[in-house]
Amino acid sequence: MMSSLPNCPKCNSEYTYEDGSLLICPECGHEWSLEAASVEEERVIKDVNGNVLSDGDTVTVIKDLKVKGSSSTLKQGTKVKNIRLVDGDHNIDCKIDGFGAMSLKSEFVKKI
Ligand SMILES: [Zn+2]
């Protein structure tokens, strides 16, 4: 059905059509990808309990974690303030007193 596609973001034409993963406007020739836009919106990072995390949240570490390149261990219960969400395997960037800049995995933290 034609009406299920969004109008052209440039000229607002309603005659857009799909070509593979692209949407194309026959009136002004604009091409864009619907997938790229929706993937960006759907990036959701959750803590161990499934609560959605956001930039600036405060979390606690749920288990003792070995710190790469250091002999010290990040103790269970350590409070981590002002987290930043990033892409990757370690999807939380943060700074921890006594450790400095660190990367953590979201499955090892709990939102407070
Ligand atoms: Zn157009």
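The values are calculated or read from the model by the stated rules, or taken from the named source; none is laboratory data. These figures come from a predicted structure and were not determined experimentally. So basically every Cβ, Gly included, is an ideal-geometry build from the backbone, and we count neighbours across all protein chains shown. These area figures cover heavy atoms from the full protein model, side chains too; ligands, DNA and RNA do not enter into them. Shrake-Rupley method; radii C 1.70, N 1.55, O 1.52, S 1.80 Å.
Quick notes on this one:
- Size of the range 64-110: Rg and Dmax of its alpha carbons, in Å, are 10.0, 27.
- Close amide H contacts of Lys46 (hydrogens built in the peptide plane, cut-off under 5 Å, sequence separation of 5 or more or a different chain): Leu53.
- Computed over protein heavy atoms with a 1.4 Å probe, the carbon and sulfur contribution to the accessible area of the chain reaches 46%.
- Residues His30, His90 ordered from highest to lowest accessible area at a 1.4 Å probe: His90, His30.
- Per residue, the chain exposes an accessible area of 69 Å² to a 1.4 Å probe, with every protein chain left in place.
- Radius 13 Å from Cβ of Cys28, net charge of other residues (Lys, Arg +1; Asp, Glu -1): -2
- Trypsin sites (Lys or Arg not before Pro), loop per DSSP, at most 16 other Cβ atoms within 10 Å - longest free stretch of the chain: 11-42
- Pairs from Lys66/Lys111; Lys10/Lys95; Lys68/Lys111; Lys46/Lys68 whose Cα-Cα separation, in the structure shown, is over 32 Å: Lys10/Lys95
- Asp64 contributes about 80 Å² of solvent-accessible surface, heavy atoms of the protein only, 1.4 Å probe.
- Three-way shape label, the chain, alpha-carbon gyration tensor, a/c 1.5: prolate
- About its Cα centre, the dipole of the chain is roughly 1180 debye, where the only charges are +1 on Lys and Arg Cβ and -1 on Asp and Glu Cβ.
- Of the residues Gly88, Phe108, Ser21, the one whose Cα sits farthest towards the positive end of the charge dipole of the chain is Phe108 (charges of +1 on Lys and Arg Cβ, -1 on Asp and Glu Cβ, taken about the Cα centre).
- Remark: the range 16-33, residue by residue, has Karplus-estimated 3J(HN,Hα) of 5, 9, 8, 9, x, 8, 9, 10, 10, 9, x, 8, 10, x, 5, 10, 8, 10 Hz, where x stands for each Gly or Pro and the curve is 6.51 cos²θ - 1.76 cosθ + 1.60 at θ = phi - 60°.
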